[in-house]
1. Decide, for region 108-216, between rounded, prolate and oblate: order the square roots of the alpha carbon gyration tensor eigenvalues as a ≥ b ≥ c, take rounded if a/c falls under 1.5, and otherwise choose prolate if a/b is larger than b/c, else oblate.
2. Quick check on the chain: of the DSSP beta bridges with both residues there, what percent are antiparallel, nearest 5%?
3. What accessible surface, in Å², does a 1.4 Å probe find on residue 93, ignoring ligands, DNA and RNA and rounding to the nearest 10?
4. Using alpha carbons only, what's the Rg to Rh ratio of region 13-214 with Rh from Kirkwood?
5. As a check on your grasp of the helix formula, calculate [θ] at 222 nm for the chain: sum -39500 (n - 2.57) over DSSP H runs of n ≥ 4, divide by the residue count, round to the nearest 500.
6. At a Förster distance of 22 Å, what's the computed FRET efficiency of residue 36 paired with residue 146, Cβ-Cβ distance as r, to 0.05?
7. At most 16 other Cβ atoms within 10 Å plus a DSSP loop assignment makes a site exposed; report the longest stretch of the chain without any exposed trypsin sites (Lys or Arg not before Pro).
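The values are calculated or read from the model by the stated rules, or taken from the named source; none is laboratory data. Keep in mind that what you see is a predicted model, and the values were worked out from it rather than measured. Cβ sites come from the backbone with ideal geometry, for glycine too, and all protein chains shown count toward neighbours. Only protein heavy atoms, including side chains, enter the accessible area calculation; ligands, DNA and RNA are left aside. Shrake-Rupley method; radii C 1.70, N 1.55, O 1.52, S 1.80 Å.
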Amino acid sequence: MKVAFPVAPEPDDETAEAARLLFAGPVDFLKGVVAMDGLPPADRPEVCFAGRSNVGKSSLINALTGRKGIARASNTPGRTQEINYFTLGEHSYLVDLPGYGFAKAPVAVVAKWQALLKSYLAGRPTLRRAFCLIDSRHGIKPVDHEIMTLLDRSAVPFQAVLTKIDKLGPSALSPVIAQVEAELQKHPAAFPQIVVTSSDKGQGIATLRAIIASLD
Ligand SMILES: Nc1nc2c(ncn2[C@@H]2O[C@H](COP(=O)(O)OP(=O)(O)OP(=O)(O)O)[C@@H](O)[C@H]2O)c(=O)[nH]1
Ligand SMILES: [Mg+2]
C-alpha cells in the first residue's frame with residue numbers, strides 16, 4: 001500500500017549545503033506582534049511554526065538557525081505570547097507563534113493571543129507554509145485538528161513536523177507516524193510528507209532547512 005504521508009527524504013548534498021548557508025547567514029529578530037495591525041508589511045514569503053504549548057516551536061527555530069537563544073525557549077508552557085518575526089536574510093520571515101492549548105497565563109490574556117493566532121493563520125497572504133508541530137510522544141490531539149481545520153478552510157498549506165524524537169525509544173516512532181498519517185488524511189491542506197525532528201540531537205534539521213529554502 002502506498003503511504004500517503006511518507007517521511008520527507010533527506011536533501012542531497014548540494015541542496016543541504018545551500019540551505020545550511022542560508023540559515024548560517026544573518027538571522028535577526030524583527031519584532032514581536034500583539035495585534036494584526038502590528039504585522040510587518042507582507043513583502044516576502046514567510047513560514048510559521050504552530051503547535052500546542054511546549055511542543056518545541058521556539059527550540060526548533062533555535063536549532064534551524066544554529067542560534068541557541070534567538071527564539072526564547074523554556075520549560076514553562078505558554079512562554080511565547082507574541083507572534084515573533086525573524087528575518088532569514090532577504091529570503092523570508094520565520095514566524096514563531098504562541099502555543100495553543102494549555103497556557104500558564106490569565107484566561108483573558110490567553111483568549112486574546114489565541115484569537116490573534118487564529119486571525120494570523122487564516123489571513124496572512126504571504127504565509128507559504130505553516131509547520132504544524134506535533135510532540136512525537138503524544139501524536140495529533142483534538143486541539144491540533146482544530147488548528148488544521150482552520151488551515152484547511154483558509155487554504156493555507158501545512159506540513160506536520162514531529163518534535164522531540166530523541167525522547168522516544170526506537171520502537172515507539174512507527175506507531176506515532178502511523179497515527180499522524182491517519183489523522184492527516186482528514187485534512188486537505190496537509191502537505192503529503194511529514195518531517196521527523198529533534199532540536200536537541202539535530203535529526204531532521206537539515207531536511208527542514210532544505211524545505212524552507214526551497215519555498216519561494
Ligand atoms: N529532549 C528534547 N527537548 C526539547 C526539544 N525541543 C524542545 N524541547 C524542550 O521542550 C520545552 C519547550 O520548548 P519550547 O521550544 O519553549 O516550546 P514552545 O513550543 O516554543 O512553547 P510555547 O512557546 O510555550 O508554546 C523546553 O524545555 C525545551 O528544551 C527536543 O527536540 N528534544
Ligand atoms: Mg515558544
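1. Details: a/c = 1.64, a/b = 1.41, b/c = 1.17.
Taking the square roots of the gyration eigenvalues as a ≥ b ≥ c, region 108-216 is prolate.
2. Details: 11 of 32 bridges.
Taking every DSSP beta bridge within the chain, about 35 percent pair in antiparallel fashion.
3. Near enough 10 Å² of accessible area.
4. Numbers: Rg = 15.7 Å, Rh = 16.9 Å.
Across region 13-214, the Cα-based Rg/Rh ratio is 0.93.
5. Working: 6 runs with 73 residues, N = 216.
-10500 deg cm²/dmol, from helical runs alone.
6. Values: r = 20 Å, r/R0 = 0.90.
Result of the calculation: an efficiency of 0.65.
7. Working: sites that count: 2, 67, 68, 72, 104, 137, 186, 201.
Within the chain, the longest run free of exposed trypsin sites (Lys or Arg not before Pro) spans 3-66.
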